[in-house]
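Reading through the structure tokens given below for one structure.
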Amino acid sequence: QVQLVESGGGSVQPGGSLRLSCAASLYAYSDYCMGWFRQAPGREREGVAVIDSHGITRYGDSVKGRFIISRDYGNNNLWLKMNSLKPEDTAMYYCAAEHSGGGYCNSLLDFGFWGLGTQVTVSS
């Protein structure tokens with residue numbers, strides 16, 4: 001059974017840091033693209049970062065240089081280190097996974113497996 005469970009969210013001041021974790025239980029013998037997404041009230045869901053089975057990463061423009069995605073390829077657990085947090089980063093953060101052809105994250109990939117999210121609030 002596929003399951004993704006996020007943790008590590010919380011409330012921090014601007015400039016602070018958080019590390020989000022995603023405990024993943026996925027199908028065996030499959031390559032996955034995995035990533036983090038976020039959605040704030042009144043805004044569309046946006047991609048934060050993705051990482052493929054080869055370690056190649058991509059980041060949304062708004063988080064480049066501040067966030068780092070990492071992955072344990074033994075168990076598919078996923079992390080997101082968030083630095084220099086801004087109020088605009090306030091959102092529900094979701095981890096996601098999808099089968100990845102060739103082990104790469106296609107920019108058009110639709111993620112089919114999602115966690116329930118963890119809340120991140122950045123305020124003074």
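The values are calculated or read from the model by the stated rules, or taken from the named source; none is laboratory data. The shown structure was predicted, so the numbers you read here are calculated from the model rather than taken from an experiment. A quick note on method: Cβ atoms are made from the backbone with ideal geometry, for glycine too, and the neighbour counts reach across all protein chains shown. Protein only, heavy atoms only, side chains kept; ligands, DNA and RNA dropped before computing areas. Shrake-Rupley method; radii C 1.70, N 1.55, O 1.52, S 1.80 Å.
Across region 49-121, the convex hull enclosing all Cα atoms gives 99 Å³ per residue.
Its residue count N fixes a reference of 2.2 N^0.38 Å for region 1-55, and the Cα radius of gyration divided by that reference is 1.37. The calculated FRET efficiency for the pair GLU88 and ARG58, based on their C-beta separation and a Förster distance of 22 Å, comes to about 0.65.
Please compute one quarter of the surface area of the Cα convex hull for the chain and express it in square nanometres. All intermediate terms of the calculation are to be shown ahead of the outcome.
Values: hull surface 28.3 nm².
For the chain, the mean projected area of the Cα convex hull comes to 7.1 nm².
A simple charge model with +1 on the Cβ of Lys and Arg, -1 on the Cβ of Asp and Glu and nothing else charged puts the dipole of the chain at about 360 debye relative to its Cα centre. For THR90, nonlocal amide neighbours, meaning residues 5 or more places apart or on other chains whose placed amide H falls under 5 Å from its own, are VAL122. For THR121, the accessible area of its heavy atoms, probed at 1.4 Å with every protein chain present, is near 40 square angstrom. Sorting TRP36, TRP79 by solvent-accessible area of protein heavy atoms yields TRP79, TRP36, largest first, with a 1.4 Å probe.
Available extension along the chain between TRP114 and SER25 is 30.9 nm, counting 0.36 nm per residue and deducting the alpha carbon span.
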